[in-house]
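For reference, the structure is listed below as structure tokens.
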Amino acid sequence: MAKNSAKRLKEIVKVSAFYGFGFIVDNKIKRQDNSPENLRLACEDLGPTFIKLGQILSTRPDILPAEYIRELSKLQDNVLPERFKDINKVIKGEFGKSIEDLFLKFNEIPLASASVAQVHEATLKDGREVIVKVQRPDIAYKMEMDISILSRIFNLTKAKFKDTLIDPTEALNELLDSTRLELDFNIEAENIEKFRGINKLVTCVYAPFVINEYSGRTVLTLEKIDGYKISDREELLKLGYDLPDISKKLALSFLKNIFEDGFFHADPHPGNLLIRDGKICFIDFGIIGKLNKTLRDSLNDAVVAVAYQDINKLISVFMSIGIKSGFVDRNQLYEDIDYLFANYLNTSFENINISYMLQEVFDVARRNNIKLPKELTLVIRTFIILEGVIAQISPEIKVLDIAIPYVKSHNLNKDIDLDEVLLNTHIFLKNSVKVPTKLIEVSDSILSGRTKIKLELKSLDKPLNELNRMVNRMVFGLVVSAMIVASSLVLNSNIGPKVYDVSLIGVVGFIVAGISGLWLLISILRSGMM
């Protein structure tokens with residue numbers, strides 16, 4: 001493996017240098033044109049691991065600029081097919097039987113050939129027509145070696161990523177997780193079964209049956225779906241389909257899966273959506289999105305905040321689910337969101353490009369040192385793809401026109417989970433009992449000097465000077481007030497020398513207090529603070 005690893009490392013350096021990224025792995029190589037297009041081409045040339053890394057980065061608008069996201073989304077995963085005898089070996093290794101023993105017919109020419117697997121048409125012994133997805137031989141070994149090399153490169157060059165948006169460790173961890181999932185077809189089979197389960201009552205949505213007895217870690221056998229691509233407008237119109245109706249049903253099915261189920265197909269490009277017998281058939285479950293209840297509720301709150309242009313609510317959502325990577329200026333965040341709303345929401349939804357709007361949402365978060373959860377970035381990427389698909393088949397239908405009324409309705413009609421309410425009430429009451437004790441502990445800590453408070457002050461010279469003047473005036477005003485009160489007491493007490501039976505000390509006190517008060521009033525008027 002060491003020999004192969006060294007050879008592969010040389011290949012990575014050579015390809016990286018050719019496309020202008022050699023400086024990352026070798027200081028002697030000068031920076032060249034490292035444009036978004038060159039990054040995509042480099043990933044394609046370096047094979048499956050780098051294609052997968054590029055695809056992962058294309059789902060992260062929170063860490064990459066828009067131009068890189070758009071370019072990496074074009075990554076092509078088409079490679080030459082494996083020899084048929086090697087495919088037969090994989091199937092025999094999985095089931096202990098050859099293709100002839102398992103299938104009545106098996107088309108040797110693949111329908112599609114990608115970097116991780118290729119797909120063949122076949123017929124089972126009982127006559128059922130199926131699709132067989134077969135993993136490429138040794139692909140797990142090759143990807144494991146690439147990831148090991150990438151790990152070494154990142155460790156040696158992490159200083160070069162210090163001032164960039166990309167966190168190489170995070171990208172590598174995502175690559176590891178994604179590879180683990182993609183190389184085990186049992187997981188994809190489970191995803192298909194779950195998707196079928198949550199949509200069993202949705203009559204317009206369908207996913208293929210998994211043929212479990214012919215599926216395993218490296219082979220996945222599915223019911224064959226003969227349908228038309230959702231983007232094949234002319235053919236669908238000939239068959240009498242209502243394209244706007246299909247678009248609405250497609251959008252509503254995604255909204256249900258995201259906001260209610262927290263489980264959705266995250267790669268809805270036209271090749272993965274077929275129309276058959278009036279149903280939208282989903283295929284290829286290699287990329288799946290999952291949202292826990294907390295994130296679903298937060299996403300719901302965010303959309304409602306956008307619908308009602310409630311900036312403070314949206315800021316609260318950002319702050320609650322985002323990871324703060326530095327100082328967050330709420331005033332600046334408010335201004336940025338206000339500008340975003342003014343830019344996009346003071347027009348009808350039909351004029352809003354959701355792709356650009358969502359990209360700006362991430363830009364706002366990134367500029368304000370807030371990193372949104374990666375699960376949420378996958379939701380937004382899915383909506384962007386979905387908008388593109390709907391624009392192809394029904395340009396007059398806008399995703400936001402469907403999404404905002406749906407979320408508003410979902411928010412109003414959301415069932416109250418009594419168990420959750422009781423649990424939260426119990427926790428609240430239990431913690432409330434501890435509040436007095438905690439307050440006493442905090443007070444004791446402050447009074448004894450054990451408490452340390454760290455404040456980060458930025459650009460406060462002017463506000464502090466203004467604050468000093470305000471405090472000085474306030475103190476001066478208190479002194480004047482005290483002099484007036486004291487003078488009144490002296491006058492009433494007839495203390496000290498008198499003039500015309502009036503206390504001289506009291507009169508002098510009133511005069512001094514009056515002059516001082518007049519001076520204070522003039523200084524305030526001059527400063528424009530009244």
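Can you tell me which residue in the stretch 118-130 is surrounded by the most Cβ atoms within 10 Å (Cβ to Cβ), limited to those that are within 30 Å of residue 53 (Cα to Cα) and without any contact (Cβ under 8 Å) to a residue 60 or more places away in the chain?
In the first step, residues of the stretch 118-130 are kept if they are within 30 Å of residue 53 (Cα to Cα); the result is 118-121.
After this cut, where a residue has to be without any contact (Cβ under 8 Å) to a residue 60 or more places away in the chain as well, the list is 118-120.
Numbers: 118: 21, 119: 19, 120: 24.
Residue satisfying both the conditions and the ranking: 120.
Among the numbered criteria (1) out of contact with any strand residue (DSSP E or B) (no Cβ under 9 Å at 6 or more places or on another chain); (2) loosely packed, with under 14 Cβ neighbours inside 10 Å; (3) under 24 Å from residue 363 (Cβ atoms); (4) not small (Gly, Ala, Ser), which single criterion is violated by residue 317?
Answer for residue 317: the failing condition is (2).
Taking the stretch 372-392 as the search range and keeping residues that are over 27 Å from residue 242 (Cα atoms) and touching a Lys or Arg at 6+ places or on another chain (Cβ under 8 Å), which one is surrounded by the most Cβ atoms within 10 Å (Cβ to Cβ)?
377
When residue 59 is evaluated against the numbered criteria (1) in contact (Cβ under 8 Å) with a residue 24 or more places away in the chain; (2) not in a loop (DSSP other than H, G, I, E, B), which criterion, by number, is the only one it fails?
Among (1) in contact (Cβ under 8 Å) with a residue 24 or more places away in the chain; (2) not in a loop (DSSP other than H, G, I, E, B), residue 59 violates only (2).
Here are the criteria: (1) closer than 30 Å to residue 92 by Cβ; (2) touching a residue at least 24 places away in the same chain (Cβ under 8 Å). Tell me which single one residue 230 does not satisfy.
Of everything listed in (1) closer than 30 Å to residue 92 by Cβ; (2) touching a residue at least 24 places away in the same chain (Cβ under 8 Å), residue 230 misses just condition (1).
Return the residues of the stretch 259-293 that are in a helix (DSSP H, G or I) and at pLDDT 95 or above; say none if nothing qualifies.
261
Does residue 310 satisfy being assigned by TED's automatic domain parsing to the domain that holds residue 379, over 19 Å from the mean Cα position of the chain (by Cα), of a type outside the set (Ser, Thr, Tyr) and more than 21 Å from residue 385 (Cα to Cα)? Show your work before the answer.
Details: assigned by TED's automatic domain parsing to the domain that holds residue 379: yes; over 19 Å from the mean Cα position of the chain (by Cα): yes; of a type outside the set (Ser, Thr, Tyr): yes; more than 21 Å from residue 385 (Cα to Cα): yes.
The answer is yes for residue 310.
Which one of these is at pLDDT below 90, under 30 Å from residue 365 (Cα atoms) and not in a helix (DSSP H, G or I): 179, 169, 164, 157?
164
Looking only at residues that are touching a strand residue (DSSP E or B) at 6+ places or on another chain (Cβ under 9 Å) and in a helix (DSSP H, G or I) in the stretch 94-107, which one is farthest from residue 216 (Cα to Cα)? If you could, list the steps in order and put the result at the bottom.
Keep residues of the stretch 94-107 that are touching a strand residue (DSSP E or B) at 6+ places or on another chain (Cβ under 9 Å), which gives 94-95, 99-100, 102-107.
Then drop every residue that is not in a helix (DSSP H, G or I), which leaves 94-95, 99-100, 102.
On the way: 94: 7, 95: 8, 99: 15, 100: 18, 102: 14 Å.
For the stretch 94-107, the residue satisfying everything is 100.
The values are calculated or read from the model by the stated rules, or taken from the named source; none is laboratory data. Keep in mind that this is a model prediction, so the values were computed, not measured. Note that we place each Cβ from the backbone using ideal geometry, even for glycine, and neighbour counts take in every protein chain shown.
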